[in-house]
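To keep things clear, I will list the structure first and then write my remarks on it.
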Amino acid sequence: MLVKLLLTTLVLFLILPVILSVPIQTFMKDQKEAETSNTPHIVEFCPLNEWYWEFVALSKCGNTSYYHCLATNEGRFVEFCNESSTWIEKGTYAVFSFVNNSIIPRSCPSGTYQPTGRWSHESTSLCEKKMSACVGIGEVVCDDGNVTSDRQCMCDYADDWRMEHLIQENPLNTSCVLPSQTEFMCVRFKCPDGRELDPAYKCVEKCQEGFHRPNGSFQCLPISISESGETITTSIPSEITTKKPKIELHPVVRLTQNQVVLVLPIAVAIVVVVSACSVLMSKCKKNSSTEKQLQNLAKKKLFERQARKKHRLKLERNRRRSEKKDRLQVKVDKALQKMEERQRIRKEKKRLLQLGENQADGACGNTDDLNHVTVEI
């Protein structure tokens, strides 16, 4: 039975892909012009996960790097096949324009950012990352970020807040952190009199009169007064550096038409084989389970028989022991009776002997008295 089922599964695995490939080839031949066309057409939504995206790309375009599914300026979705893929710089996402009939980059909307560049066939409807929010207790914005980087947060050290994990030590003088990469919490910390927290959350001496510590600065800078009497504070300009995105060639997956045609039949055949194997495994497992239950039942019956036999032997031993004890008790009782009888006979003989001695002593006394009387006469 098992061998027959295995042979049937093997035959299905070999024949099923060939049978299924014929209608698929006919279908793909009829749909080839429409599906591989560069003309975009409206769809309700783009594929939601990676495996479904790859399946749609292979079935419609024959190559995962040709298939595009993008948003439009009107908020709808279009899909089309295009052999050339456009590089979308970081900080932007791809949008299809019906006016220009082309792919155009659009800056990430507020609250999102895109840290890396990508190809247009990989681009989703929006930027991938969402901005972090500095809304915790004692948190303030350190760097608001931009379309390519996340927002950085810090504790409001000017209001006596410091990061809990930096209380013991802060060798790198860290002020700001990325909430998406570091978990932190702000706690109240009051420095002694005459001291204040610096951007590294360390207690330092307050600036002397005529000096101030700008926000984010570790140094005390002089306060200058203009000719009009207005106080001018010196601040440290922040250096903003931008790096040009590095454009890399994207690896293209190239498959032949015959390979694409055989993908679905082979997948179906694999599913059938796996299902058959699962059935076989479950059946074997069920048989093994039944055999195990039978073995356990046989062991249980054997154990019960052995237990009953032991109980019978125990009862038999107790009965024999009781009978032996009764016989021994009978012997002991007889021996005690014989002993008592011997003692009684002994006592009776002793009593008779004593009585005979007493009578003999009395007879002797009477003879002496008689002799004495005779002498006197």
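The values are calculated or read from the model by the stated rules, or taken from the named source; none is laboratory data. Note that the structure is a prediction, hence the values are computed from the model and not measured. In this analysis, Cβ positions are derived from the backbone assuming ideal geometry, glycine residues included, and neighbour counts consider all displayed protein chains. Each accessible area value is taken on the protein alone, full model and side chains, heavy atoms only, with ligands, DNA and RNA left out. Shrake-Rupley method; radii C 1.70, N 1.55, O 1.52, S 1.80 Å.
Worth pointing out:
- The one condition from (1) crowded, with 16+ Cβ neighbours inside 10 Å; (2) over 30 Å from Asn49 (Cα atoms); (3) touching a Phe, Trp or Tyr at 6+ places or on another chain (Cβ under 8 Å); (4) modelled with pLDDT under 90 that Asn173 does not meet is (1).
- Filter pass, Pro47 being in contact (Cβ under 8 Å) with a residue 12 or more places away in the chain and in contact with a Cys (Cβ under 7 Å, 6 or more places away or on another chain): yes
- For segment 221-240, the set of residues classified as closer than 30 Å to His165 by Cβ, open to solvent by less than 100 Å² (accessible area, probe 1.4 Å) and at pLDDT below 85 consists of Ser235, Ile236, Ser238, listed by residue number.
- Filtered residue count, segment 74-88, keeping only those that are touching a His at 6+ places or on another chain (Cβ under 8 Å) and either in a loop (DSSP other than H, G, I, E, B) or among the aliphatic types (A, V, I, L, M) (or both): 3
- Out of Lys300, Lys283, Lys314, Lys292, sole residue that is farther than 30 Å from Cys81 by Cβ, open to solvent by 70 Å² or more (accessible area, probe 1.4 Å), under 60 Å from the mean Cα position of the chain (by Cα) and modelled with pLDDT under 75: Lys283
- Filter result (of a type in the set (Val, Ile, Thr) and not in a loop (DSSP other than H, G, I, E, B)) within segment 91-109: Thr92, Val95, Ile103, Ile104
- The listed residue being open to solvent by less than 60 Å² (accessible area, probe 1.4 Å), out of contact with any helix residue (DSSP H, G or I) (no Cβ under 6 Å at 6 or more places or on another chain), under 16 Å from Thr39 (Cα atoms) and not acidic (Asp, Glu), out of Ser123, Ser84, Ser102: Ser102
- Each residue in segment 50-73 was checked for being touching a residue at least 40 places away in the same chain (Cβ under 8 Å) and not in a helix (DSSP H, G or I), and 9 pass.
- In segment 144-165, the residues that are touching a Cys at 6+ places or on another chain (Cβ under 9 Å), outside any loop (DSSP other than H, G, I, E, B) and farther than 14 Å from Thr182 by Cβ: Trp161, Arg162
- Qualifying residue in segment 182-203 (condition: out of contact with any Phe, Trp or Tyr (no Cβ under 6 Å at 6 or more places or on another chain), farther than 25 Å from Ile223 by Cα, in a loop (DSSP other than H, G, I, E, B) and among the polar types (S, T, N, Q)): yes
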